[in-house]
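**Student:** Below is the structure I would like to discuss, written out as structure tokens.
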């Protein structure tokens, strides 16, 4: 779990990565009646339950400093070595953090299962679906390739959880306040917005020359109408499945 990475790329999260009400509702439902929850990769606190006892785990000072007052302070620890006893909380959750756990991905998922007596809730991307979005497919193949390496498939995550879990899609609304990379599906202009780009790990992890190439290509295709000729129909949709997945193990 790479704290230094988020010291570099997490500075805009509290502003550009605000909670999506639909995603929050689905997470709350998935947690069921759990009264105590460990949130691993808790970051700035998005999607963290407000009506339950929460143990927040976050290795990055930059991310933890953005947690609003009223949320539990974050314990500095990594996903692969959770400072909790077996079955010490009712549920465990992680939201769009697992792909940053690097060599601890498998161990971290198994740690979620170890410390939770009940449900484990994981929000992640299926890279086979996200890689087909116009941005990755036509302009940014480097991030599609990266995602295939760092996002475990839902099937693999389920195996790490013990082989018994349900997977369901989380379509992203066109007006979501959570500007994760998938939200760009109907907003190509966000590619031109440095703050929006820097709020996504895909852009923030890319080499500067790659980012410059992608920005220039999207700007050109917006200016001459090429993007709208190919993908303008997306602007009419209210939501779209770009591969965001909710995995729930009982």
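The values are calculated or read from the model by the stated rules, or taken from the named source; none is laboratory data. The model shown is predicted, which means the values in this text are computed figures rather than measured ones. Neighbour counts are summed over all protein chains in view; Cβ atoms, including those assigned to glycine, are modelled from backbone coordinates with ideal geometry.
**Student:** Select from the stretch 47-65 the residues that are assigned to a loop (DSSP other than H, G, I, E, B) and touching a strand residue (DSSP E or B) at 6+ places or on another chain (Cβ under 6 Å) and list them in ascending order.
**Tutor:** Looking only at the stretch 47-65, we keep the residues that are assigned to a loop (DSSP other than H, G, I, E, B), and these are 47-52, 58-60, 65.
Selection gives 47, 48, 49, 52, 58.
**Student:** Every residue in the stretch 73-119 that is in a helix (DSSP H, G or I) and free of Cβ contacts under 8 Å to residues at least 24 places away in the same chain, please. Reasoning before the result, please.
**Tutor:** Narrowing the stretch 73-119 to residues in a helix (DSSP H, G or I): 79-81, 98-100, 102-115.
Of everything in the stretch 73-119, just one residue is in a helix (DSSP H, G or I) and free of Cβ contacts under 8 Å to residues at least 24 places away in the same chain, namely 103.
Here's the yes/no breakdown for (1) under 13 Å from the mean Cα position of the chain (by Cα); (2) under 24 Å from residue 207 (Cβ atoms):
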site: 87; (1), (2): no, no
site: 107; (1), (2): no, no
site: 110; (1), (2): no, no
site: 127; (1), (2): yes, yes
site: 141; (1), (2): no, yes
site: 146; (1), (2): no, yes
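**Student:** Given the residues 41, 108, which is the only one that is closer than 30 Å to residue 186 by Cα, crowded, with 21+ Cβ neighbours inside 10 Å and in contact with a helix residue (DSSP H, G or I) (Cβ under 7 Å, 6 or more places away or on another chain)? Full working, then the answer.
**Tutor:** Working: 108 fails: closer than 30 Å to residue 186 by Cα.
Every option except 41 fails the conditions.
**Student:** Just give me the residues in the stretch 79-105 being surrounded by fewer than 21 Cβ atoms within 10 Å (Cβ to Cβ) and out of contact with any strand residue (DSSP E or B) (no Cβ under 6 Å at 6 or more places or on another chain), in sequence order. Steps first, please.
**Tutor:** Quick first cut of the stretch 79-105, residues surrounded by fewer than 21 Cβ atoms within 10 Å (Cβ to Cβ) only: 80-81, 83-88, 90, 99, 102-104.
Once the filter is applied, which keeps residues that are surrounded by fewer than 21 Cβ atoms within 10 Å (Cβ to Cβ) and out of contact with any strand residue (DSSP E or B) (no Cβ under 6 Å at 6 or more places or on another chain), the stretch 79-105 yields 80, 81, 83, 84, 85, 86, 87, 88, 99, 102, 103, 104.
**Student:** Additional query: With the stretch 138-216 as the region, which helices (runs of 4 or more DSSP H) entirely inside it contain at least 1 residues that are surrounded by fewer than 14 Cβ atoms within 10 Å (Cβ to Cβ)? Show your work before the answer.
**Tutor:** On the way: elements: 141-150, 154-160, 194-198, 201-204.
Correct list: 141-150, 154-160, 194-198.
**Student:** Follow-up question, since we're still on this one. If you scan the stretch 193-237, which residues turn out to be under 17 Å from the mean Cα position of the chain (by Cα) and without any contact (Cβ under 8 Å) to a residue 40 or more places away in the chain?
**Tutor:** Those that are under 17 Å from the mean Cα position of the chain (by Cα) and without any contact (Cβ under 8 Å) to a residue 40 or more places away in the chain: 197, 200.
**Student:** For the stretch 1-35, give me each residue that is modelled with pLDDT under 95 and assigned to a loop (DSSP other than H, G, I, E, B).
**Tutor:** Once the filter is applied, which keeps residues that are modelled with pLDDT under 95 and assigned to a loop (DSSP other than H, G, I, E, B), the stretch 1-35 yields 1, 2, 10, 11, 12, 18, 19.
**Student:** Kindly indicate whether residue 122 is within 23 Å of residue 20 (Cβ to Cβ), touching a strand residue (DSSP E or B) at 6+ places or on another chain (Cβ under 7 Å) and either touching a residue at least 12 places away in the same chain (Cβ under 8 Å) or part of a strand (DSSP E or B) (or both).
**Tutor:** On the way: within 23 Å of residue 20 (Cβ to Cβ): yes; touching a strand residue (DSSP E or B) at 6+ places or on another chain (Cβ under 7 Å): yes; either touching a residue at least 12 places away in the same chain (Cβ under 8 Å) or part of a strand (DSSP E or B) (or both): yes.
In short, yes.
**Student:** State which residue pairs qualify: first residue modelled with pLDDT under 95 and inside the stretch 238-250, second residue not in a loop (DSSP other than H, G, I, E, B) in any location, beta carbons under 8 Å apart, and separation of 6 or more residues or different chains.
**Tutor:** none
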